[in-house]
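Asker: Sharing a structure below in structure tokens format, with a few things to ask.
The values are calculated or read from the model by the stated rules, or taken from the named source; none is laboratory data. Please read these numbers as outputs of a predicted model, since none were measured by experiment. Heads up, the Cβs are rebuilt from the backbone with ideal geometry, glycines too, and the neighbour counts pull from every protein chain shown. These area figures cover heavy atoms from the full protein model, side chains too; ligands, DNA and RNA do not enter into them. Shrake-Rupley method; radii C 1.70, N 1.55, O 1.52, S 1.80 Å.
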Amino acid sequence: MSALLNSINSPADLRKLNREDLSTLAAELRAFLVESVAKTGGHLASNLGVVELTIALHTIFNTPDDRIVWDVGHQTYPHKILTGRREAMTNLRQPNGIAGFPRRGESEYDTFGTGHSSTSISAALGMAIAAKQAGLERRSVAIIGDGAMTAGMAFEALNNAGDMDANLLVILNDNDMSISNNVGALNNYLARLLSGRFYDSVRRSGKKMLGGLPPVKEFAKRAEEHAKGMVLPGTLFEEFGFNYIGPIDGHDMPVLLDTLANIRDLKGMQFLHIVTQKGKGFEPAEDDPNKYHGVSKFDPCNGVSHATNVAKTYAQVFGDWLVDMAGADEKLIGITPAMCDGSGLNAFAEQFPSRYFDVGIAEQHALTFAAGMACDGLKPVVAIYSTFLQRAYDQLIHDVALQNLDVLFAIDRAGLVGADGPTHAGSFDLSFLRCIPNIVIMAPSDENECRQMLTTGYYYQGVAAVRYPRGSSRGASAGLVMDKKLDTLAIGKGKILRQLTNKNAKKVAILAFGSMLAPALQAALVLDATVANMRFVKPIDVDLIKQLAQTHDLIVTIEENALMGGAGAAVLEAMQTLNLPKPTLCLGLPDLFIEHGVHETMLAECGLDSIGIIASIQQKLKLV
């Protein structure tokens, strides 16, 4: 039953309800979330944990005039549902449907687009300063999780905020701990007390009165901090210049409403610490919140997934390889920035716990941490998503490549990623990696080649990167045989997999990179074209390019990466250096951010399926 929920079309409707109705609404919203995500897939556990908080925020604050900024955005489904997008949830993360993350173009309530972590405090602070400059009483609220709080950017923002005179509320959603009833009750009481006007006025007037007496002021400040520190863990945030409040039970609606109402009327920098439970209200997600972080379609009665794919993913292949290689070389170290499960490191972490390091959501630190290890003889393997490697670009250049350190990057989620959309698409790694000196870049066409490339990169004495797509290739589902050995490839050498047969027709050579080999081979059957599996983006196989350019009428490059600066550009540069003028067609991702959808359909829309490749080549042949 969703009688109350069905009556909520905007936060204005929330504000008409009494407190008992709001608690009932929370139960209805939680049930709706389970039913909805079961049909579409998406992020579940994190959303179930913020139901009460979302209702309370939109009830107390005057949204959308007051700005609410959600960190990462995994937890914004309740926010979307309560801000007029309840019916649109049937198309969540689907083609032409609403996004799984906040999008400014989607709703006026989505004040800041997110997808990566730890941006909320910076953005909300910027909005708070904008309100101050405009002389507005508008409030800015940042909601950040305990995981995202580990990133350096969050602390940079806190540090900067402490020096600002603006009205900002930071809410720390701490879902990695639990509080007992007794402690919770005490903390709830203290939070109401410390967020009240009386305490705030006493605190401010006391500091003002003692301001002319430096020794006394310092003593009073320390006494206040120590008094609060005895019962509250907020001393760190107080040092940043925030008034710390909490922790409180993030599922206690009356406490949330009271505390937020008090904080709304306070001036300056406020920090509210709430404790929630991931997966709240859905037993399978409560028992295993990591498993239900991001889910495919499932049975809402028992949480069992409808997914039937039995092929190993690239991430699982990487995980198997990591265990095998660690057994062969005790110097191997595995590093991940908070993506153990997603990157396939679970088995390695269990079997080699002393050689496994999850550094939290700290991509910059992960790379320099690896660089330090490499300096003293270890062999770090950094498992990182393509889109997250973007966040550590300076460290990649300055700390790793410039020093030519022996570090291997296993870059997952390269290319388009389907329902997660442009915030998570690995569309640019070939472009931003290729321009860096001292780096070998490989792109496997299937899982077995991925294993070979990882071994090649591991034994290479220097910086190496293997970029592979999300999920599994068609070859794996067709029964691809995996080599159990730790074999290597000749660096910088591609391989011709198909030769054209009609010597009298215009001769086409398709140079395929990584995941594009399969559709290239399909297209070649229709076109009777030569196909080369290029394997290496850097160093590019100049000899193979020369051979193909001299014996064919048209050179075609295909990659699942941005065209600008990508693998096709590398081929063009090589041909220019060799002084080989030859008609060339470069196919890849267009110069735009591609919206979420079904991966195969997205590729087709970019002209990167076999049909699109055939059409593009046939069109080009008319001009050759």
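Asker: Kindly establish whether Gly241 is in contact (Cβ under 8 Å) with a residue 40 or more places away in the chain, open to solvent by less than 10 Å² (accessible area, probe 1.4 Å) and either more than 26 Å from Phe61 (Cα to Cα) or not hydroxyl-bearing (Ser, Thr, Tyr) (or both).
Answerer: Considered against the rule, which asks whether it is in contact (Cβ under 8 Å) with a residue 40 or more places away in the chain, open to solvent by less than 10 Å² (accessible area, probe 1.4 Å) and either more than 26 Å from Phe61 (Cα to Cα) or not hydroxyl-bearing (Ser, Thr, Tyr) (or both), Gly241 comes out as no.
Asker: Next up: If you take the residues in the stretch 39-74 that are open to solvent by 10 Å² or more (accessible area, probe 1.4 Å) and of a type in the set (A, V, I, L, M, F, W, C), which one is farthest from the chain's Cα centre (by Cα)?
Answerer: Here the residue is Ile60.
Asker: Name the residue that is nearest to Asp165 (Cα to Cα), counting only residues in the stretch 108-126 that are open to solvent by 20 Å² or more (accessible area, probe 1.4 Å) and part of a loop (DSSP other than H, G, I, E, B).
Answerer: Looking at residues that are open to solvent by 20 Å² or more (accessible area, probe 1.4 Å) and part of a loop (DSSP other than H, G, I, E, B), I get Thr119.
Asker: Still on this structure: Among the residues in the stretch 75-86, are any closer than 21 Å to Leu4 by Cα and among the hydrophobic types (A, V, I, L, M, F, W, C)?
Answerer: Yes, some residue in the stretch 75-86 is closer than 21 Å to Leu4 by Cα and among the hydrophobic types (A, V, I, L, M, F, W, C).
Asker: Still on this structure: Which residues, counting only those in the stretch 383-409, are touching a residue at least 40 places away in the same chain (Cβ under 8 Å) and open to solvent by 30 Å² or more (accessible area, probe 1.4 Å)?
Answerer: Hits for the stretch 383-409 are Gln390, Arg391, Asn404, Asp406.
Asker: Among (1) over 19 Å from the mean Cα position of the chain (by Cα); (2) among the charged types (D, E, K, R); (3) modelled with pLDDT under 90, which single condition is Glu137 missing?
Answerer: Exception for Glu137: condition (3).
Asker: Here is a further query. Can you name the number of the only condition in (1) in contact with a His (Cβ under 7 Å, 6 or more places away or on another chain); (2) open to solvent by less than 10 Å² (accessible area, probe 1.4 Å); (3) farther than 26 Å from Asp252 by Cβ that Arg93 fails?
Answerer: Answer for Arg93: the failing condition is (2).
Asker: Can you name the condition, by its number, that Arg197 falls short on among (1) more than 38 Å from the chain's Cα centre (by Cα); (2) at pLDDT below 55?
Answerer: (2)
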